[in-house]
Each structure stands twice: as structure tokens, then as C-alpha cells.
Amino acid sequence: MSKSDLSILGVVGSSLIIGDDPWSAECWSGSARSLFTELKKQGVLEGAVGFDIPIWQKYTLALKNIAPSLADLKKKFALDPAYYAALTKHAGSGLQIPSNTNVILQLGAIYNMKKIAPSHCKVVSYHDGNVAKFMQSPNFDKRFTPYALKAMEWERRVYDDLDHIFTMSEYLRQSMIKDFKQPPEKVTNVGVGVNFDVPEASEIPEQKNPYDIVFVGREFFRKGGACIIKAFRDVQLEEPEAKLHIIGPSAEELGSDILKMKNVVHYGFLRRDDANDVAIFKKVMLNSAIGVFPTRFDAFGIPVLEKMAYEIPCITSNILAMPEIIDHGKTGFLIDVDDSAALSETILYYMKNKGVREAHGKLARDLVINNYTWHTVSGKIIDFTTKHC
């Protein structure tokens, strides 16, 4: 198949998991829109659609998953194959697939487009994580193991049905092969991109305040928030001018103790489709010198790439896909999970060593430009589908 013959329909399902509006800045943290926009620029996207089950059906499934707390109910609901099956059935009855579509690209595996696709369509998928890796995270509540195992079995059947699987990382590719018994040739790592235009080198200040530290991420404590606060307090003992900028989490999640800390600046969630929020984000990133992201679990770690794009060297955890992103000692540093002492020591090292900090930042930005753009990702998807679909 030639590129001119390729006609891809992008599909996202579930407002609970990644969002059901493919063009929303919040759907899959903006990655859905970024990917589909680039595929459209390449002239191969027929369209992108989203869907979810009716509200009455959600209530019925919620009753099925009744639990002592709302948080537990949500966890059970999100792992329920009955919800996944309902999504698939609803897609089959509600989605209009253009007749000239020859490839369906679904995001995630909680529905199965292969079951409802026309026979002439190939169905491929793109993933940032899977249930197997979620179960291995320190944040996973082992009370939900029986539900997660059922969800994992659903995923395996979806992967078995799909014509091909694309992943954001090699780490996840290996999981698809080992945890879900997929043939190596069926899974391709195409990477991921940052969800904004990488700033020009001329936009980045020649002199940054070495005491400005930045964190980006919506779930502060899952992404190492407790470790950050402990390390920041230690840093302040030696460098009182240190300032911590926190972008993403709500004030309620942080709590009053953190919000009242000296030199902690909280911005909340900054929307990518709001010009004022975008301006604030850009200003903070341009002026920050050190990035922190000591995550306890993350599907990929796009916030690390976002900092790197702004020439900010990042300190993150030596787990999951992070070693693929950070070249330890060259574009940033890797530390053990929850090691606040290592985090504070590395922050102080960067503060005191301008040459190292700036060299790491420049290499980090170059890495993003050369490897982590949606143009690169879409190119790999197009190249594979034209050759094999």
C-alpha cells in the first residue's frame, strides 16, 4: 500500500480512562490530539472519533461494582471487562466507519475494534501502558488483584485479535511480548512526542536562576510528591533561595501544609487550550533550571520530555521507561524510587555546577528534537502500515 492509499480512522473510547473527545486537550493528556493532528498533516487521517456508553449503562455497571467508598468503586469499574464489552458493543452500533477507511487506529485496549471493524480494515493500536505493568507499580492496591487479572485477560484477547500493536516505549513493548505472549514481530515501539511546539533555542534564556526547580504532573504523590517535598526541605536548609514550582495537581491534593511552605509556588492544572495557561506554563518552563519527577509509577513520563524540551535537565526515577528517556549523567540523573536524599543531593549538585547543568539541558533538548516529536511517531506508524497493512 502506498501512503496516498492509506486512510486511517483514529478511535478513542471511554470518558473514564482517557477521555472520549479525540480533539480535546485533555484526552490522553493531549497525546490523542497531537497524534491525530500530525497524521492529518501527513494526509493519511480520514478522521478521529470518540465514544462512551450511555449514562444509564454506567449507573448499571456502577451498581454491579458497588464498594465501601467511591474511590474503590471507581477502581473496580475501571477494571471491569463488562464495561469493556459494553464499550465494544456500543462502538459497533454507534460508530460510522467511512467506507474508504482501510486502517483503524485505536488508543488503548479497553475496547476491541477488531470485533466490529469491516473485514477490509486492518486494526492497530497505540499504548502508553497496560494492566500488567500497573499491577507491578507500588501504587497498585493488591485488594484489586482479582479484578486486575480479569482486566488483563481481556487485554490479552484484544492484543491477540489486533493486526499490530504500537507502543510508546521499548519497556512497554517487552511487556507486551513477555506478559501478554505477543509475537515480537507484532509489536513495534514508535515512541511518543511532546504535546507542544518545542521552543526555539533563541527563546531559552542564557542565564537561568539555578534555584528554580519545576515539577509537572497531575497526580503529585503518585509521581513522587512526598519525595520531592522532603528533598526540597533539605535543599532549603543549604540553599534558602531555592524555589519549587508545582504545575498540575489541585490545591486539595497538595494540602495546606505544602501550600504554606516558603518558596513553593502552585499553579494548578494549566489547560493546553487556554492561551493564558499556555503563557504561564511557558514562562515557568523557560525560567526553571532543574526538573524533578521522582515518579513511583508512570506509563511513560511525558512530563520529563516536556522539561527536556525547555533545556531543563531532569532528575527522575530509575524505573519503567525512564532509563530510555534519561541518559544518566548526560541529559539528567536517575535515582531510586523514594530516595529523597539522592534527590536533594542531585538538586544541590545541579545548583552548584552551572556548566554541567547547562550541558545536560542542551543535550536533553537535542534528544527531544531528534527523537520525541509527533512527526517522528506518525512517520513510524505510516511507514509500518503502508508496508504491512
Checklist entry - Looking at Ala82, is it of a type in the set (Gly, Ala, Ser) and either closer than 23 Å to Pro22 by Cβ or surrounded by 16 or more Cβ atoms within 10 Å (Cβ to Cβ) (or both)? => result no
Checklist outcome for this item: When (1) part of a loop (DSSP other than H, G, I, E, B); (2) under 28 Å from Thr101 (Cα atoms); (3) among the hydrophobic types (A, V, I, L, M, F, W, C) are applied to Leu39, the one that fails is (1)
Checklist outcome for this item: Within region 25-62, of all residues that are touching a residue at least 12 places away in the same chain (Cβ under 8 Å) and of a type in the set (Ser, Thr, Tyr), the one farthest from Gly248 (Cα to Cα) is Thr37
Item to check | Cβ-Cβ under 7 Å pairs, at least 6 apart or on other chains, region 232-244 side in the same structural domain as Ala289 (by TED's automatic domain parsing) and surrounded by fewer than 19 Cβ atoms within 10 Å (Cβ to Cβ), far side part of a helix (DSSP H, G or I) and not polar (S, T, N, Q) | outcome: Glu238/Leu348; Glu239/Leu348; Glu239/Met351
Checklist entry - Can you find a residue in region 294-308 that is among the polar types (S, T, N, Q), within 25 Å of Val377 (Cα to Cα) and not assigned by TED's automatic domain parsing to the domain that holds Asn139? => result yes
Next on the checklist: Every residue in region 359-375 that is touching a residue at least 24 places away in the same chain (Cβ under 8 Å) and closer than 16 Å to His328 by Cα, please.
Outcome noted: His360, Gly361, Lys362, Leu363, Ala364, Arg365, Leu367, Val368
Checklist entry - Tell me, which helices (runs of 4 or more DSSP H) lie completely within region 202-268 with 2 or more residues that are out of contact with any Pro (no Cβ under 7 Å at 6 or more places or on another chain) and acidic (Asp, Glu)? => result 225-238, 251-254
Next on the checklist: Condition check: under 30 Å from Lys262 (Cα atoms) and in contact with a Lys or Arg (Cβ under 8 Å, 6 or more places away or on another chain). Does Val216 satisfy that?
Outcome noted: yes
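Residue-wise test of (1) in a loop (DSSP other than H, G, I, E, B); (2) in contact with a Pro (Cβ under 8 Å, 6 or more places away or on another chain); (3) β-branched (Val, Ile, Thr).
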position	(1), (2), (3)
Lys150	no, yes, no
Leu172	no, no, no
Ile177	no, yes, yes
Glu185	no, no, no
Val192	yes, no, yes
Item to check | Residues within region 237-270 that are in contact with a Phe, Trp or Tyr (Cβ under 9 Å, 6 or more places away or on another chain) and under 28 Å from Asp21 (Cα atoms), tallied | outcome: 8
Checklist entry - So, of the residues in region 320-357 that are in contact (Cβ under 8 Å) with a residue 60 or more places away in the chain and among the acidic types (Asp, Glu), which turns out to be nearest to Pro138 (Cα to Cα)? => result Asp338
Checklist entry - Can you pull out the residues in region 299-319 that are free of Cβ contacts under 8 Å to residues at least 60 places away in the same chain and over 18 Å from Val284 (Cβ atoms)? => result Gly301, Thr316, Asn318, Ile319
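Do you know which residues across region 89-134 are assigned to a strand (DSSP E or B) and touching a His at 6+ places or on another chain (Cβ under 9 Å)?
The answer is Leu107, Lys122, Val123, Val124, Ser125.
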Checklist entry - Can we say Thr101 is of a type in the set (Ser, Thr, Tyr), in contact (Cβ under 8 Å) with a residue 60 or more places away in the chain and farther than 24 Å from Phe300 by Cα? => result yes
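Looking at Arg271, Arg296, which is the one that is closer than 24 Å to Glu252 by Cβ and surrounded by fewer than 17 Cβ atoms within 10 Å (Cβ to Cβ)?
Arg271
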Checklist entry - Which residues, taken from region 260-306, are within 18 Å of Arg222 (Cα to Cα) and more than 21 Å from the chain's Cα centre (by Cα)? => result His266
Item to check | Filtered residues of region 206-231 (kept if of a type in the set (Lys, Arg) and surrounded by fewer than 23 Cβ atoms within 10 Å (Cβ to Cβ)) | outcome: Lys208, Arg218, Arg222, Lys230
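The values are calculated or read from the model by the stated rules, or taken from the named source; none is laboratory data. Computed from a predicted structure; not experimentally measured. Note: ideal-geometry Cβ built from the backbone for every residue, glycine included; neighbour counts use all protein chains shown.
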